[in-house]
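See structure below.
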Amino acid sequence: MKILDRYILTSFVKTFFSVFAILFFIFVLQGIWVFIGDLAGKDLDFITIFKFLFFYSPKMIPMVLPLSVLLASIMTFGDFSENYEFAAMKSSGISLQRAMRSLIIFILLLSGLSFWFVNNIAPKSEFKFVNMRRDIIHTKPAMAITAGQFTSLGSLNIKVDEKYGEKDEKLRNVTIHIISQQNNQNKTVIKAKTGRIETAENSPILKLHLFNGSYYEDVTSKRSYLTKPFVKSEFKHYIMSIDVSEFDNSEQELQEISNTANMMNISQLNYTIDSLNVNLKNEQKVQVEADKDNNRLFLSNKQKVNKITYKTVNLDSLLTFKTRSEKISLYSNASAVAENIRFNIINNKNSLTEKSKYINRHWIALYEKFVIAFSCLLMFFIGAPLGAIIRKGGLGLPMVFAVLIFITYHFINTFGKKLAQENGITPFLGTWLSTLVLLPMAITFTYKATRDRGINSIDNLLYPITNYFKTKFKKKQNTTENV
């Protein structure tokens, strides 16, 4: 490797890893805010939180890697142009295309590494992350009771002085106030010396075992001389079952993280997609046969009606011999049959649509592995010539351009995938839409930079805009002077 290639590569690699480390740290911190509801109030130890973030971090690679390549390219080539190093290269007969050669090889290797990472490492990490998050979500019922204060669980207000045990499942000095649903008053109080929380996996029911306590309940009596009647009983072991599904959104969160497409590599996705397509085709055939049977039944009934009408009288004449109650019964039965047919048709249609969407998610996960690798190459061919054009290094103007380009890329990518999931467009087009939109920009910038068009200044990009406003201002000024 020549000295110039080594110098350019070293400058880019240093900038790239610095930018990647900073952006990766920022995106991981952003993940803490996203999942703060899962982590807060669970009494999780530092190792568990570290594992949670460690398994979550590979999800950030598809966002951090293209942005890091884009920003590092703009900063590196912006520094070269700002310090007139490109001018020195040009005077020595070295073009921008020749200067980018070592970096193109590095970006190709980086794209291959990113493809291997998202195909082999990221699915395993996603699987562990989802299972770990699922376990944390399932601890919500057990962690719903906070020591030292009253905790509202529907119609119950529970207070415990202390929680202890391996999973804080044991309680000491339990006080429970039960709010009446009729008059919203507290007429029942349960006190126990000790208690224990029991939860079953995948169950929203929290079982509260109470030991050595008393049960007090105010009662309403019609006897006037009983001013404050109440019932008191003592117990050694009392079990309460509390349904926490009404105020706990864990089931909804579990449905949101149940997408298994991101946990598969390419071979697994291909196998799953083939199986899903076979099942979808079989169900479509079954529904087509069912529709044919309904049509045969409809035609046979129609023929019978036509035969009766031809020999005797029409339908209105037949109904004249029926009583009012019989007519109402006939119309009600006909309406129920029609509504049942309509419901079955809509239900079958929705079922096929949901299965089609499920297949689309797998196609999107498959194409996205290739898009991430290609996006690194795309961002380099946008950032490198753009840095040479704007002639600015550092984190000022390059950061502005990088953020604007990346936001555009990320927005189009998200929009395309959402549209593809809803069968708006094909999964291939939805996944590759962002790269197809930005590809002309990469070709234009690379062409301008390698042909020495606009490489010295950004004025060539801004000239049409500034010239338009200058011309408009001069015309307005001339009109004012003439008046």
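The values are calculated or read from the model by the stated rules, or taken from the named source; none is laboratory data. In this text, all values refer to a predicted model and were calculated from it rather than measured experimentally. Every residue, glycine as well, gets a Cβ built from its backbone with ideal geometry; the counts of neighbours run over all protein chains shown. The protein model used for the area step is the full one, side chains on, heavy atoms only, and it has no ligands, DNA or RNA in it. Shrake-Rupley method; radii C 1.70, N 1.55, O 1.52, S 1.80 Å.
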Quiz item: How long is the gain from Val286 to Asp161 if the chain were fully straight, where each residue apart is worth 0.36 nm and the alpha carbon distance is subtracted?
Solution: 38.9 nm
Self-check item: Computed E for Val400/Arg134 - FRET, C-beta separation, R0 45 angstrom, nearest 0.05
Solution: 0.65
Quiz item: Given the pairs Lys59/Lys128; Lys14/Lys369; Lys14/Lys417; Lys51/Lys124; Lys51/Lys417; Lys14/Lys392, which span a C-alpha to C-alpha distance of over 22 angstrom in this model?
Solution: Lys14/Lys369; Lys14/Lys417; Lys51/Lys417
Quiz prompt | Pair Asn340, Ile3: separation of 7 Å Cα→Cβ label points (nm) | solution = 9.0 nm
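Over the stretch 3-95, give the accessible area per residue in Å² for a 1.4 Å probe, as an integer. Show your work: numbers first, answer last.
Values: 4680 Å² over 93 residues.
Solvent-accessible surface per residue comes out at 50 Å².
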Quiz item: For Leu436 and Ile22, FRET efficiency with R0 = 41 Å and r from the beta-carbon atoms, rounded to 0.05?
Solution: 0.90
Quiz item: How large is the accessible surface per residue of the stretch 391-441, computed with a 1.4 Å probe and reported in Å² as a whole number?
Solution: 53 Å²
Quiz item: For the pair Ile47 and Ala88, what calculated FRET efficiency results from E = 1/(1 + (r/R0)^6), where r is the Cβ-Cβ distance and R0 = 45 Å, to the nearest 0.05?
Solution: 0.25
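Would you mind telling me the share, in percent, of accessible area of the stretch 57-110 contributed by carbon and sulfur at probe 1.4 angstrom?
Working: 1320 of 2130 Å².
Reported share for carbon and sulfur atoms: 62 percent.
Please give the length that would be gained between Lys355 and Val34 if that part of the chain were fully extended, namely 0.36 nm times their separation in residues minus their C-alpha to C-alpha distance (nm, one decimal). Let's see the in-between values first.
Working: separation 321, 0.36 × 321 = 115.56 nm, distance 2.90 nm.
Stretched fully, the Lys355-Val34 segment lengthens by 112.7 nm.
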